[in-house]
Amino acid sequence: MNINLTLIGQSITFFAFVWFCWKYVWPALLGVMQEREQKIATGLQEAERAEKDLELAQRKAAEQLKEAKAQAAEIIDGANKRANQIVDEAKEAARSEGDRLKAAAQAEIEQEVNRAKEQLRTRVADLSVAGAEKILSINIDAKAHDDMIEKLAAEL
Amino acid sequence: MAAEQTATGYIQHHLQNLAYGKLPAGYTRTDGTVLSESTWTIAHSSQEAADMGFWAVHLDTLGWSIGLGLIFCFLFARAAKKATPGVPSGFQSFVEVIVDFIDKTVKDTFPHRNSMVAPMALTIFVWVFLMNLMDLIPVDWLPLAFAHGTSALTGADPHHVYFKVVPTTDLNATLGMALAVFALMIFFSVKEKGLMGFVKELTLHPFHSGKWYVDIFLIPFNFLLEAVSLIAKPVSLGLRLFGNLYAGEMIFILIAIVFGVGVLGFIGASFLQMGWAIFHILVITLQAFVFMVLTTVYMAMAHDREEEHAHDQ
C-alpha cells in the first residue's frame, strides 16, 4: 500500500474522462432527451388542441345544421307565400283583364249602337224630309227646318 | 496458489499491486541479485515495491481504471452518436435512464450554472461503478490468469507477479480522484468568489464579529478550522471509497481462503461468497453514488456565495 505516481496518473485520467464526457457524451445525450421531451410535450398539447377543435367543430356543425334547417323551413315558407301571392296576383290580373276586355267590348257595342242610331236618325230625318217633301210637295228648306227635324230624330 | 502458500502470504499477495518503478544502484533484489546500476523494473515483492518510493506506477490500477474509463467513454459516446429523439432503442434507453437519474440528482444538489458538473457526475458514477464492479469477479481468476500468462511469456515466477484487479481498492486511485475533485473545488471557489473572496471565506468564518480589530485575532482560529474542514473533504472522499472497497475485497479474499478448507469449508464458503457478492452489488453502487453526490455537493459549496454576502453586511 504505497502512495506513488499512480495518484497523479489517476488524477490526470480523471480529468481526461470528465473532459471527454463533458464535450462528447453529455450534451449529445441531454440534447436528444430534451428534444424528445419537447416533442412529446408539443404532441400532447396538439392532441389536446385537436380534441378541443373537434368538439368545437362538432358543435359548430350541429349549429350550422340547425341553422340550415331553419333556413330551409323559412325558404319553403317564403316560397309558399310567394306562390300564393303569385297565384293571387295572376287571379287578380286575369280578373282585371277580363273586366277591361268586357268594358272595351261594352264600349264598342255602345259605340256601334250609337253609330247605328245616328245613321238611323239621319236616315229617318232624310226619309221624313223626303216624305214630307212628297207629302207637301213643296220644297222645304232643309236648312231652315233642320232644328225641327233633329228634334224629331232625337225623339226616335 | 493458496495450497502452496500460507494464508498470510496469500492475502499479502492479493493486496500487492503490480508496481513499475526505479530501484537504486546497489539494491539487493528478492532473488538475491544485486543491481549494478539504478533500473526501471517491475517489483517482484512488496518490499521492492515499497522501496521504489513515490516514483513508481501501479500498472494494474492505471490499466484497469483507464481501460474501464475507455469502455465507459466508448459505450456512452456511441450511444450519444446514435441517439435519436424518436423512440429510443435498448441501449440508448438504458443510457438515458442513467443520464436522467444523474441529471435529476445534480439539479437537486447543484443549483448553480456550470455545464461541467453534471457530465462530471455521470463520469464519476459510471466509472467508479465499473471499477467497483471488478470486485465481483472471483478474486483469483484474473490475477491467476495474468500471473500464468506472464510467466508463460517471459518466464517470470508466477508467485512474484502481482495483479490487483479492482482499482478502487488502491488508495492511489481513490485519492487521485479525490485530489482532482479538490483541485476543481479550489479552482471554482477562486473563479466564482475571486481570490480574496476565497481567502475571506477561509479566514473570516465561522467566527466573525464585524469589528476588524477583533476579527484580526480570530483569523488564526478561523483559518485552522476552515483549512481542516477543507482538507478533510477530499481525504474523506477518497478514503471512504477506498475503505469500503478494500474491506469488501478483503472479505472476498478471506472467503476464498475458506474454499480450501475441506468439503464443509467449500460449501460454507460458496454460500458466504454468494451472500457477500449479492450484498456487495449494493455496496459498489452505493459507493459510486456517494462519491458522485459528494463531488456535486462540494462543487455546489465552491460555487456558493451566500456566506460571502453575509460577511459583507
Please work out which one of (1) in contact (Cβ under 8 Å) with a residue 24 or more places away in the chain; (2) in a strand (DSSP E or B) is the condition B:ILE11 fails and give its number.
(2)
Matching residues, the stretch B:19-34, being among the aliphatic types (A, V, I, L, M) and within 10 Å of another protein chain (Cβ to nearest Cβ):
B:ALA19
Answer from B:ALA232, B:ALA178, B:ALA247 - the residue that is of a type outside the set (Lys, Arg), in contact with a Gly (Cβ under 6 Å, 6 or more places away or on another chain) and more than 20 Å from B:ARG305 (Cβ to Cβ)
B:ALA178
Quick one: which of B:ILE231, B:ILE253 is of a type outside the set (D, E, K, R), within 21 Å of the chain's Cα centre (by Cα) and over 17 Å from B:VAL297 (Cβ atoms)?
B:ILE253
Yes/no for B:PHE182 being modelled with pLDDT under 95 and in a helix (DSSP H, G or I)
no
If B:ILE98 passes every condition in (1) free of Cβ contacts under 8 Å to residues at least 40 places away in the same chain; (2) among the aliphatic types (A, V, I, L, M); (3) surrounded by 16 or more Cβ atoms within 10 Å (Cβ to Cβ); (4) in contact with a strand residue (DSSP E or B) (Cβ under 7 Å, 6 or more places away or on another chain) but one, which one does it miss?
(4)
If a residue must be of a type in the set (Lys, Arg) and either in contact with a helix residue (DSSP H, G or I) (Cβ under 8 Å, 6 or more places away or on another chain) or more than 7 Å from chain B (Cβ to nearest Cβ) (or both), how many such residues does the stretch A:1-43 contain?
1
Failed condition for B:PHE125, given (1) aromatic (Phe, Trp, Tyr); (2) more than 13 Å from chain A (Cβ to nearest Cβ); (3) not in a loop (DSSP other than H, G, I, E, B), with all others met?
(2)
Qualifying positions in the stretch B:65-81 - aromatic (Phe, Trp, Tyr) and crowded, with 19+ Cβ neighbours inside 10 Å
B:PHE72, B:PHE76
Of the residues in the stretch B:243-281, those that are free of Cβ contacts under 8 Å to residues at least 40 places away in the same chain and under 23 Å from B:GLY69 (Cβ atoms) come to B:GLY243
Within the stretch B:213-230, the residues that are free of Cβ contacts under 8 Å to residues at least 12 places away in the same chain and either of a type in the set (A, V, I, L, M, F, W, C) or outside any helix (DSSP H, G or I) (or both) are B:VAL214, B:ILE216, B:PHE217, B:LEU224, B:VAL228
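Residue-by-condition table, conditions (1) surrounded by fewer than 20 Cβ atoms within 10 Å (Cβ to Cβ); (2) at pLDDT 95 or above; (3) more than 10 Å from chain A (Cβ to nearest Cβ); (4) part of a helix (DSSP H, G or I):
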residue	(1), (2), (3), (4)
B:PHE129	no, yes, yes, yes
B:LEU144	yes, no, yes, yes
B:ALA156	yes, no, yes, no
B:HIS159	yes, no, yes, yes
B:LYS164	no, no, yes, no
B:VAL190	yes, no, yes, yes
B:GLY194	yes, no, yes, yes
B:PHE198	yes, no, yes, yes
Do we find a residue being touching a helix residue (DSSP H, G or I) at 6+ places or on another chain (Cβ under 7 Å), under 30 Å from B:PHE252 (Cβ atoms) and facing chain A (nearest Cβ under 10 Å) anywhere in the stretch B:75-91?
yes
Any idea how many residues of the stretch B:35-74 are modelled with pLDDT of 85 or more, part of a strand (DSSP E or B) and more than 9 Å from chain A (Cβ to nearest Cβ)?
3
Please enumerate the residues belonging to the stretch A:18-36 that are buried (at least 24 other Cβ atoms within 10 Å of the Cβ) and not aliphatic (A, V, I, L, M).
A:CYS21, A:TRP26
Out of curiosity, is B:GLN16 in contact with a Phe, Trp or Tyr (Cβ under 7 Å, 6 or more places away or on another chain), within 14 Å of chain A (Cβ to nearest Cβ) and of a type in the set (S, T, N, Q)?
yes
Residues within the stretch B:83-95 that are surrounded by fewer than 16 Cβ atoms within 10 Å (Cβ to Cβ) and assigned to a loop (DSSP other than H, G, I, E, B), tallied
5
So which residues in the stretch B:214-223 are aliphatic (A, V, I, L, M) and surrounded by 12 or more Cβ atoms within 10 Å (Cβ to Cβ), if there are any at all?
B:LEU218, B:ILE219
Count of the stretch B:110-122 residues which are part of a helix (DSSP H, G or I) and of a type in the set (Gly, Ala, Ser)
2
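The values are calculated or read from the model by the stated rules, or taken from the named source; none is laboratory data. Model, not experiment: these values are computed from the prediction. Virtual Cβ from ideal backbone geometry, glycine too; neighbours counted across all protein chains shown.
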